[in-house]
Amino acid sequence: MKLTDAWVFLLPEGWARFPAGEGRERELDEAIEQVVSRVLPPDLPRDSTEPLRRMSRDRLRGAINDADNAGASVVYLPVQPIHGILVPASIIEVEFDSDAGEDPMKIVASVMTDGYDESEVLEVDGRPAARVTSVLRDVESDPEWPQASSRQVVYTISRDEIEGQWLTLSFNVMWNSPQSEQLADALVLFFDAVMTTFRWAGDDGPQHLGDAAMVPGSARAA
């Protein structure tokens, strides 16, 4: 059975894809500049917008560096505010390997026993997968910021059972009030909806998924 390693999914406008990992600094710089130029166009007054550009670059790079340290290969971040508020969420893409030829259902079962708040076995475009969630409440991550809670939703998907390759897509969202928790709940539904558009792509390229822009996943060499 021939297994593919490329994939695509759909994200709405307002999100951007940032490469992470060693040797991708130039690609990351270009992605950051594209986002900053879109949000703060060059024709705006330089004196008033340049500090905002620097702050935007620093915040994006800081978030991506944190994900890089956690082993991410790609980070997806919201870059356009909604009603003046930047959505406190992210999607992190991570690849890992199990033993070649190992039954993927054994890996799925091991993921399910890691003490998550919720877990389920499912298929993602025909491949074995696990969906797990966990919640941390009232955590103080920085003395200068108020306590916040977070919810993580992780899809772990068998990428190539012959080679033992796996893909993980981890969605994280934060809140610090009952109102923002309602937004967090809605964003979890948003991520699950995004995952329904996930498709593996073969030699003929990505499958057509509709009119929205497709976001390609990173591909390994066969």
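The values are calculated or read from the model by the stated rules, or taken from the named source; none is laboratory data. What you see is a predicted model, and the numbers here were worked out from it, not measured in a lab. A quick note on method: Cβ atoms are made from the backbone with ideal geometry, for glycine too, and the neighbour counts reach across all protein chains shown. The accessibility values were calculated without ligands, DNA or RNA, using every heavy atom of the protein model including side chains. Shrake-Rupley method; radii C 1.70, N 1.55, O 1.52, S 1.80 Å.
Quick notes on this one:
- Residues of region 103-137 that turn out to be assigned to a loop (DSSP other than H, G, I, E, B), loosely packed, with under 12 Cβ neighbours inside 10 Å and out of contact with any Ser or Thr (no Cβ under 6 Å at 6 or more places or on another chain), as a count: 4
- Counting only residues that are charged (D, E, K, R), closer than 21 Å to Ala70 by Cβ and touching a residue at least 24 places away in the same chain (Cβ under 8 Å), region 86-133 holds 4 of them.
- Scanning region 79-97 for residues that are modelled with pLDDT under 85, open to solvent by less than 60 Å² (accessible area, probe 1.4 Å) and farther than 12 Å from Phe171 by Cα gives Val79, Val87.
- Exactly one residue among Val188, Val173, Val154 is touching a strand residue (DSSP E or B) at 6+ places or on another chain (Cβ under 9 Å), open to solvent by less than 10 Å² (accessible area, probe 1.4 Å), in contact (Cβ under 8 Å) with a residue 12 or more places away in the chain and of a type in the set (Val, Ile, Thr), and that residue is Val173.
- Only residues that are modelled with pLDDT of 85 or more and aliphatic (A, V, I, L, M) were counted across region 110-126, and they come to 3.
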